[in-house]
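The values are calculated or read from the model by the stated rules, or taken from the named source; none is laboratory data. In this text the structure is predicted, and so the values were computed from the model without any measurement. Because the Cβ atoms are built from the backbone with ideal geometry, glycine has one as well, and the counts that use them run over all protein chains shown. What goes into the accessible areas is simple: the full protein's heavy atoms, side chains included, and nothing from ligands, DNA or RNA. Shrake-Rupley method; radii C 1.70, N 1.55, O 1.52, S 1.80 Å.
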Amino acid sequence: MALSELLKIVTPPDKPKEVPAKPNWAAVEKKLGLQLPDDYKRYVAKFGSGVLGDFVHVYNPFSRDEYTCLQKRVEKVCGMQRHFRETEDHPVPYDIYPESPGLLPWGQDDNGNYLFWLTRGARNKWPVVVCAGRDNRCQLFEMGMTAFLGRTFTGEVKCKIWPKPFAVKSRRGKFEAY
């Protein structure tokens, strides 16, 4: 499932917030030290900043808000995860970006869980990993970001870390810009 499939489920805003007319992806990627998946770039261009399904917040590299800006969240979330790896008895079972392969955050949900790419292999094939915010549970999904979002919102794929039942009709088709 690509972005086109997600767009069959969710209508993006007419004017996405915090998306420049000419996004400078090269500057974003230079700062991060890696190229980002194409479906993520297309998602940001279509949706901008906001909440999907009243639950998922996808970080936007062009946001000025420290809680939704990709670069600021990468620094904060990766720092927290590295700290947990050093101090916890049972840290998440993956290395953390900038290690490669490592977890690179791209979003979070309203329950404090984090959404990551596992930066292994080709960037457009990075799988998604959802990690619980309050313990070390993680679930790996061998699919890209937009496929993961579309398939979890339709119920085709189940994320064990998310509330049950997750894929309810009231979540589908919802995007609220902020």
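For Arg151, the conditions (1) open to solvent by 80 Å² or more (accessible area, probe 1.4 Å); (2) closer than 20 Å to Glu5 by Cα; (3) basic (Lys, Arg); (4) at pLDDT below 95 all hold with the exception of (1). Among all residues of segment 3-11, there is none that is of a type in the set (D, E, K, R), in a loop (DSSP other than H, G, I, E, B) and either open to solvent by 40 Å² or more (accessible area, probe 1.4 Å) or within 26 Å of Arg120 (Cα to Cα) (or both). In segment 95-123, the residues that are within 17 Å of Ser63 (Cβ to Cβ) never reach a residue that is modelled with pLDDT under 95 and crowded, with 21+ Cβ neighbours inside 10 Å with C-beta atoms less than 7 angstrom apart, at least six apart or across chains. Applying the set (1) in a loop (DSSP other than H, G, I, E, B); (2) farther than 19 Å from Val129 by Cβ; (3) open to solvent by 50 Å² or more (accessible area, probe 1.4 Å) to Ala26 leaves exactly one unmet item: (1). Confirm whether Asp54 is over 15 Å from the mean Cα position of the chain (by Cα), among the charged types (D, E, K, R) and not in a helix (DSSP H, G or I). So Asp54 does not fit the description; no. For Tyr94, the criteria (1) under 14 Å from the mean Cα position of the chain (by Cα); (2) of a type in the set (Phe, Trp, Tyr); (3) farther than 24 Å from Val51 by Cβ hold in every case but one, which is (1).
Restricting the first member to segment 128-139 and to residues that are within 12 Å of Leu118 (Cα to Cα), and the second to residues that are open to solvent by 30 Å² or more (accessible area, probe 1.4 Å) and among the charged types (D, E, K, R), the beta-carbon pairs closer than 8 Å and six or more apart or on different chains are Cys131/Arg137; Gln139/Lys160. Scanning segment 153-174 for residues that are outside any loop (DSSP other than H, G, I, E, B) and farther than 19 Å from Tyr114 by Cα yields a total of 1. Scanning segment 40-54 for residues that are farther than 14 Å from Ala2 by Cα, at pLDDT 95 or above and open to solvent by less than 10 Å² (accessible area, probe 1.4 Å) yields a total of 5. Note on segment 97-112: among residues that are assigned to a loop (DSSP other than H, G, I, E, B) and open to solvent by less than 70 Å² (accessible area, probe 1.4 Å), the one that is nearest to Phe55 (Cα to Cα) is Asn111.
Cβ-Cβ contacts under 8 Å between residues 6 or more apart (or on different chains), taken from a first residue in segment 29-41 that is closer than 22 Å to Met143 by Cβ to a second residue that is among the aliphatic types (A, V, I, L, M) and open to solvent by 20 Å² or more (accessible area, probe 1.4 Å), are listed as Asp39/Ala2.
Do we find a residue being aromatic (Phe, Trp, Tyr), open to solvent by 40 Å² or more (accessible area, probe 1.4 Å), out of contact with any His (no Cβ under 8 Å at 6 or more places or on another chain) and not in a strand (DSSP E or B) anywhere in segment 113-129? Looking through segment 113-129, none of the residues is aromatic (Phe, Trp, Tyr), open to solvent by 40 Å² or more (accessible area, probe 1.4 Å), out of contact with any His (no Cβ under 8 Å at 6 or more places or on another chain) and not in a strand (DSSP E or B).
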